[in-house]
């Protein structure tokens, strides 16, 4: 077999250059992939944070609007505890009776109206919103593992449900008919509970759970979070978690004469 003098393989230098170029290209591809992966993770956690916060706000707003619901005019349903970090209220929405004997308590009669009995001892008639990890009751989470909790009386015992994860702050402001905040210290005095006409709810939700790194590419969170009254409800945490604050006003349809 005859070989041409021009038939030859790659030189060592050519191989080294090719390997170097390949390494650079692979490095660029990997860096791009990592950046896209981090961006996707960030966006996913931000979306989850926003959904959690909005779902929590929707649930509280809808139910707090029923606080004091009293169709029999018994005078029993009311806001029973109004603190900056939690709220407890009652409402007469059922009579605790299985009228049609189907094994379930009937909250509505055949006309679609609530079955009520003038007391607040039945299922779902006593409700509390608070944080799961807030020993001081100030509405500020005592650690990263903190959720928004809903507690309700089921007719025999209190039941607790986490309805929103990663909540760093929960704050309530209670206003009278003139828009004055009734909070004294950290709660509305018992003698002023009947003066509450609306409730301002503020929550601060957090994206991510990694205590060391927070979210990728997130700037230092060094700002204070405030409620509608201008009060700081979560001081600057100086970490790299992303947060969102939501606030709303709930008009108490059943709280006194509006």
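For this structure, a couple of remarks:
- Residues (closer than 22 Å to residue 63 by Cα and assigned to a loop (DSSP other than H, G, I, E, B)) located in region 228-256: 228, 252, 253, 254, 255, 256
- Residue 62, sole failed condition from (1) surrounded by fewer than 13 Cβ atoms within 10 Å (Cβ to Cβ); (2) modelled with pLDDT under 85; (3) closer than 30 Å to residue 126 by Cβ: (2)
- Among the residues of region 135-183, those that are assigned to a loop (DSSP other than H, G, I, E, B), surrounded by 21 or more Cβ atoms within 10 Å (Cβ to Cβ) and either over 11 Å from the mean Cα position of the chain (by Cα) or touching a residue at least 60 places away in the same chain (Cβ under 8 Å) (or both) comprise 139, 141, 166.
- Any hit, region 203-225, residues being at positive phi and modelled with pLDDT of 90 or more: no
- Among (1) touching a strand residue (DSSP E or B) at 6+ places or on another chain (Cβ under 7 Å); (2) at pLDDT 90 or above, the one test that residue 53 misses: (2)
- Residues located in region 238-258, provided they are under 18 Å from residue 165 (Cα atoms) and at pLDDT 90 or above: 243, 244, 245, 246, 247
- Selection status of residue 75, surrounded by 12 or more Cβ atoms within 10 Å (Cβ to Cβ), over 18 Å from the mean Cα position of the chain (by Cα) and at positive phi: no
The values are calculated or read from the model by the stated rules, or taken from the named source; none is laboratory data. Note that the coordinates shown come from a computational prediction; the quantities given were computed from them, not determined experimentally. So basically every Cβ, Gly included, is an ideal-geometry build from the backbone, and we count neighbours across all protein chains shown.
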